[in-house]
Amino acid sequence: MLSSTPHAWNSSTPKRSTNFLKSTLQLGIELRLWVAGCVTGLSVFSYRALTEGSLSEKDVFTSNAPFFVVFLSTLALYNLDGTLDAPRAGKARRRKVHLTLTAFSCAALFYFLIQLPALARTIALGGAIFSALYAIPLTWGRKRTSLKKIAGLKAPFVGVAVAVAVVIVPILSRSPVVFWPAFSLLIITLALYCTANAFLFDIPDRQVDKLNDVPTQASLRGLDSTKRLCTVLCLAGMLFSLLIGFTTIGPLKAAYQVNTAASLFFLGVLLLISSHRVNETTSRTAVAWRVDGALLVPYVVQFVFEQWWV
């Protein structure tokens, strides 16, 4: 009896720890903390790529306000979407949680917005308001609709909005001088990848989107068409990432150009693999880990590069 007690305790403790960890991670996904963190990681990568890792220089900015703006605006907008979708999905109890997080994120967002230069602040605020209009139902005459109801708009809207935000907000907070070739290539590459990311989420959401009358690519054209489109977007993004590595794009040193190109190319490979593996039976949690988690990979590759080769 004495010998069996420790063994029983030892076998159950790891299970409890594992279950607690899984529950915590699941909560982070449901509260949109995971996607906000992944988008912010992409923003840090973009800034360091365009400034050769100069986060600590005095002429950059005195705080990490731009990254807080990216994190909080993402958190607010995704929870706003969750607030509006919860009643339709039969999860009205979660509505209050999403609404609370939306309110908190907006309050904190305004605090960090005032720390940005005027141009960056205007673009960030304007982008957040426009993105909010995408989720909020609008009234046109006697008809109530939203931008989300426009066929085919959902994924490209999300993809382009994320790409523009993660690049523009931090770099304009550093300096009004923008190196347009590097700037533009990076936005185009990330827009392609983030659009593919959004399309992949439409695959497990296909039936729910049909019930809610949200006309996504998956609900309108089917899974095979959506996967083919994701493949094309990923391949196009990989092509643009190579252009970053083999084109003179302003003041970036060759080592940083190649590292940025390699990081983005690897992201494209991961999304390309996901586009072939994700299907209608894949859980949304699994898609969040694989597809949103892939957005952190460029920063990880960049960080390793800076530690070993710079």
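Taken together, the values in this text are just the output of simple stated rules run on the coordinates, not laboratory data. Not measured: the values here are computed from a predicted model. Ideal geometry is used to build each Cβ from the backbone, glycine not excepted, and the neighbour counts take in all protein chains shown.
Listed values, structure above:
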{"read-out": "Potential extension, K149-W289 segment - 0.36 nm per residue separation minus Cα distance", "value": "47.7 nm"}
{"read-out": "Theoretical FRET efficiency, 1/(1+(r/R0)^6), r = Cβ-Cβ of L235 and T281, R0 25 Å, to 0.05", "value": "0.45"}
{"read-out": "Computed FRET value (nearest 0.05) for F246 with T122, which takes r as the C-beta separation and R₀ as 30 Å", "value": "0.30"}
{"read-out": "Extension gain (nm, one decimal) between V164 and W308, 0.36 nm per residue minus Cα-Cα", "value": "48.9 nm"}
{"read-out": "Theoretical gain in end-to-end length, A254 to R221 [0.36 nm per residue, Cα-Cα removed]", "value": "7.6 nm"}
{"read-out": "Cβ-derived FRET efficiency at R0 22 Å, I29 paired with L99, nearest 0.05", "value": "0.75"}
